[in-house]
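Reading through the structure tokens given below for one structure.
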Amino acid sequence: MNEQNGYDIEDLHVGMTATLAKTITEADILLFSAVSTDVNTLHLNEEYAASTPFKGRIAHGMLSASLISAVLANRLPGPGTIYLAQNLTFLAPVRPGDTVQATVTVLEMGDKGRVTLQTTCRVKDVVVIDGQAQVKIGSSARRAASLAAASR
């Protein structure tokens, strides 16, 4: 673990996983609309949304996807993680009141502290978002060498 309680590259192994769950509320949707300036009526107007193929309002896809960022930043690899890339495929809608479970799993350990993770969001047993992330994390060995060099 690093000084921020995140994992160092030496602490990780393929197959490690972490999950976070959050129920998407009306307030979350309204606040995300305000912060992102995405005011698509599909997210905000029930009457309009009922006339779409979704048959009702849905949460912003990126609101649900942001839970992946929360897992990366807070759980695995955790504090100190640098988010480099993310690909996402949106497979099913998330509705107000749904509980989204975001999971990341270490797929591959690269060089220079780079790690590839599988990223998935589910509502119950339905995968609503699937993708992969690339992150960079620190090394306790590099940190120790840097501190030793600085003290000379």
Identity of the residue in segment 24-65, within 21 Å of the chain's Cα centre (by Cα) and without any contact (Cβ under 8 Å) to a residue 12 or more places away in the chain, that ends up farthest from Leu88 (Cα to Cα): Ala27
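Determine whether Val115 is modelled with pLDDT of 95 or more, outside any loop (DSSP other than H, G, I, E, B), touching a Leu at 6+ places or on another chain (Cβ under 6 Å) and buried (at least 20 other Cβ atoms within 10 Å of the Cβ).
No; evaluated as a whole, the condition is false for this residue.
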Selection within segment 72-99 - on the phi < 0 side of the Ramachandran plot, exposed (fewer than 13 other Cβ atoms within 10 Å of the Cβ) and not aliphatic (A, V, I, L, M): Asn87, Thr89, Thr99
Subset tally (residues that are in contact with a strand residue (DSSP E or B) (Cβ under 6 Å, 6 or more places away or on another chain), more than 12 Å from Thr103 (Cα to Cα) and of a type in the set (A, V, I, L, M)) for segment 62-83: 1
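Could you run through segment 91-119 and say how many residues are under 19 Å from Gln134 (Cβ atoms), without any contact (Cβ under 8 Å) to a residue 60 or more places away in the chain and touching a Gly at 6+ places or on another chain (Cβ under 9 Å)?
So the answer is 3.
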Selection status of Leu67, closer than 30 Å to Ile137 by Cβ and out of contact with any Lys or Arg (no Cβ under 9 Å at 6 or more places or on another chain): no
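Every residue, every condition in (1) part of a helix (DSSP H, G or I); (2) exposed (fewer than 13 other Cβ atoms within 10 Å of the Cβ); (3) not hydroxyl-bearing (Ser, Thr, Tyr), yes or no:
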position: His13; (1), (2), (3): no, yes, yes
position: Thr19; (1), (2), (3): no, no, no
position: Ile29; (1), (2), (3): yes, no, yes
position: His43; (1), (2), (3): yes, no, yes
position: Glu47; (1), (2), (3): yes, yes, yes
position: Gly56; (1), (2), (3): no, no, yes
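The values are calculated or read from the model by the stated rules, or taken from the named source; none is laboratory data. These numbers come from a predicted model, not from an experiment. When we count neighbours, we look across all protein chains shown, and the Cβ atoms used for this are built from the backbone with ideal geometry, even at glycine.
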